[in-house]
Amino acid sequence: MGGSRAQVNKPHKTRFSSKSSRNIHKISHKDKNWIAKSNRNVTQGARAARLQRSKMLREQKKEALLKEKRASSGSASPPRVILLFPLSASVNVSSLAEDILRLLSADVGGAFSSTVVSSEYKLRATVLHAPHGDLLSCMEMAKVADLIAFVASATEQSTCDYIDSFGSQCLSVFRSLGLPSTVVFIRDLPPELKRRNDAKKIVTSSLTSEFPEDCKFYPADTKDDLHKFMWLFKEQRLTTPHWRNQRPYLIAQKVDMVPDDSSPEKCTLLLTGYMRAHSLSVNQLLNRIEIMKDSIPLNARKDHNAMDSDDIQDAEIIHSLAPDPSSQEPLLVENVPDPLAGEQTWPTEVEMAEAERNQKQKRLRKRALPRGTSEYQAAWIVDDTDGEDSGVENDGDDDEDDDGMLLDEGESGFPSQEDTNNSDFEEDQASLHLRDSDEETENDSVMMEGDNMTREQIEDEIKKIKEAHAEDEEFPDEVDTPLDVPARKRFAKYRGLKSFRTSSWDPKESLPPEYARIFAFDNFARTQKHVVAKALKVEQEGRDDCAPVGSFARFYIKEVPFHVASKLCAASRTAPIVLCGLLQHESKMSVLHFSIKKHDSYDAPIKSKEELIFNVGFRQFVARPIFSTDNINSDKHKMERFLHAGHFSIASIYAPISFPPLPLIALKSAAGAGTPAVAAVGSLRSIDPDRIILKKIILTGYPQRVSKLKATVRYMFHNPEDVRWFKPVEVWTKCGRRGRVKEPVGTHGAMKCIFNGGLQQHDTVCISLYKRAYPKWPEHRFPANV
């Protein structure tokens, strides 16, 4: 019967069971009530535990919110920073800044950044107005702003005039840095109520798509308009980018320097301001910290409510913090390489026994290899079985071995290690001279200094770079084989890969000398977690050697070059000077990888190893990156010669260690002394010196004669020795065929190839070669204007 189940004999239903045993499986009514009651108690207990946990989480969030509100708006909190940014050149921001300062305090100083206290609003604020056209100053102000107030003018004729090109560029840079709390001030509204509301609606509808959803629009023409905004701003919960809250920082209210008597080229830099985000330890390369009495306290009564330089200079010192030499962090930037680290020591018995076993295995089969070939390099030379497994048909009448590396000494063209004739020596010397002449890898992206070039030379160099950029987009990775240099010497650093995804590549092989100067982590994620936890523990302990958050302090930085301190003092008149604390290990050099994208406003090509100014968080340094793809399914990544627009790439540089997340703004210096332009934006991805970046080149040839699966290919090489050298490498065509090199033909570099399918006459035969690429060590770490 379909769907019937087998009969299962139950003990209590058999005819041999007793009357007492038949009722064993039954449960009495009393027991049922007891079980139901116990289950009900368990359910109620679990529900009560969930409710209690939810209540506890709500209380913790409420307590954290109240703590954050007291820290941001309490009497011990630092002044709030308001940045007024004009969206177009027609907006007068200076008058708006004066109106806000006059509203907060009747006594307003004439300094660039005025910090005032208002007893009416119970608020301390620092008002900054961004200079239109100065990108660097606007960017530095946006990094420290608690509130960015974008100012628009309602008198513009068209909607596209509300934001000009400079305002649009800065707005995109601010988004890349991470926007704090934002508002929009609308100025120059008509006095009539109906026209005023209509103009406000037009401006709001035109600019809503450019700003976050929680951005509010306020009229800012009259004192009443600013009064309404200030009451809302006082109670507003400000949001700041996460990267800014990870490290302590200070906005200098006053910058000064004291000459060093022992060294005339050095001086001590003095920075005075409020400590923000986290407490800063005096053991972080500081000479001294002086905790001073606040010159404009929120609750105290004073004759004037604005901070000026005299108040800062005459401020009372509460106590001073001095560093402890035993716990002070050393200034370690580069690793000191040991020249004897690669020297061979006396082998142990285990190593000698292993060497004997390896030697016996080598004697079983002796192969002719080029001089200087290591065991690891010899592993890349494929055997006949690899050629057979690749699916390519073999010719039955072929008397020679398919792999030129396995031929006899007289046929292969490779001398044995015992043969030391003069011709081989000359070839080795020539290859040494050609080692540094790789125009495509070492010197192709380095332009001559602008001071040593004429105007015509600069224009010709720019034209060549643009032509190379267009050629790279049309024919990526394709390289012509030189006529005057053998290909086996020109491309001696390259090797073939059976599979780019699965073939092995040792990340520690043939590292450049710069890798001896950098630092690496065994486990970067674990180190970052430990460093952040350690910084949080120091913050919670409230140690005596730290300047607490919200304190007004003066920081002494010793051994600063005199010309650098002079430039900082001059720059403090136009832009804020920021002192930022570092986490552990963040002063050491390593290899940093950034996710980067070319900026929409930058049209010039950006080559790999070209000098760029990297703005990473509060830090700024010069780097020469190489660009590569981001392969998820492979441990190898293909190098890109140019940073192409429209998609993200990975930029790898030598730079000081920084723990993500951090934003990136890459600037490109102009040919003259102009303002740097925004070339690319992105964020910090990881720190990994073992990331393998491979530069790929493609050598191309063209079929001369085609016969079924065989073809004679020319113009890829120009002598038969090069054909034998690259014989183990697989060939492929642009129409999808794959094959191998069988033998050279003639004396002009032609070769016979066998493919896995019929070849068309118009097809192109290619060989892919790879070598590992590294970033370029910067000649100077900081821009020329610092």
Restricting to lysine pairs 8 or more places apart or on different chains, what number in the stretch 709-786 have Cα atoms under 12 Å apart? 5
How large are Rg and Dmax for the stretch 72-240 when calculated on the C-alpha trace, in angstrom? 15.3, 46
Average Cα contact separation per residue, the stretch 694-786, under 8 Å, 6 or more apart, as relative contact order %: 36
Of all beta bridges DSSP finds with both residues in the stretch 72-240, what is the antiparallel percent, to the nearest 5? 20
Quick check for you: with a 1.4 Å probe and neighbouring chains kept, what is the accessible area per residue of the stretch 491-634, in Å²? 48
Loop-resident sites, the stretch 179-270, for trypsin sites (Lys or Arg not before Pro), counting at most 10 other Cβ within 10 Å (DSSP): 237
For a Förster distance of 56 Å, can you work out the FRET efficiency between the beta-carbons of residue 213 and residue 756, rounded to the nearest 0.05? 0.50
What size of dipole, in debye to the nearest 20, comes out for the stretch 72-240 about its Cα centre when the only charges are +1 on Lys and Arg C-beta atoms and -1 on Asp and Glu C-beta atoms? 440
Using label points projected 7 Å from each Cα along Cα→Cβ, tell me how many nm separate residue 49 and residue 293, to one decimal. 5.7
Ignoring ligands, DNA and RNA, what percent of the 1.4 Å accessible area of the stretch 72-240 is carbon and sulfur? 50
Once both labels are modelled 7 Å past Cα along the beta-carbon direction, what's the residue 350-residue 503 spacing in nm? 3.3
What's the extension gain from residue 633 to residue 102 if we count 0.36 nm per residue and subtract their Cα-Cα distance? 185.1 nm
Amide H of residue 743 versus every other amide H placed in the peptide plane: which residues, excluding those fewer than 5 positions away on the same chain, fall under 5 Å? 752
Taking 0.36 nm per residue of separation between residue 567 and residue 319 and subtracting their Cα-Cα distance, the length gained on full extension comes to 86.3 nm
Too-long pairs where the Cα-Cα distance tops 18 Å, listed order kept, from 464/597; 62/534; 464/609: 464/597; 62/534
So for the stretch 117-274, if I pair up every lysine 8 or more residues apart or on another chain, how many of those pairs have alpha-carbons under 22 Å apart? 19
Just the number please: accessible area per residue for the stretch 72-240, 1.4 Å probe, all protein chains included, in Å². 42
Unsatisfied cross-links (Cα-Cα over 24 Å) in the set 463/668; 529/636; 493/668: 529/636; 493/668
FRET efficiency (residue 735, residue 708; Cβ distance; R0 22 Å; to 0.05) is 0.90
For residue 478, distant residues with modelled amide H under 5 Å away: 698
Using Cα pairs closer than 8 Å and at least 6 residues apart in sequence, work out the relative contact order for the stretch 72-240, in percent. 25
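The values are calculated or read from the model by the stated rules, or taken from the named source; none is laboratory data. These figures come from a predicted structure and were not determined experimentally. Cβ coordinates were reconstructed from backbone atoms using ideal geometry, including for glycine residues, and neighbour counts include every protein chain displayed. What goes into the accessible areas is simple: the full protein's heavy atoms, side chains included, and nothing from ligands, DNA or RNA. Shrake-Rupley method; radii C 1.70, N 1.55, O 1.52, S 1.80 Å.
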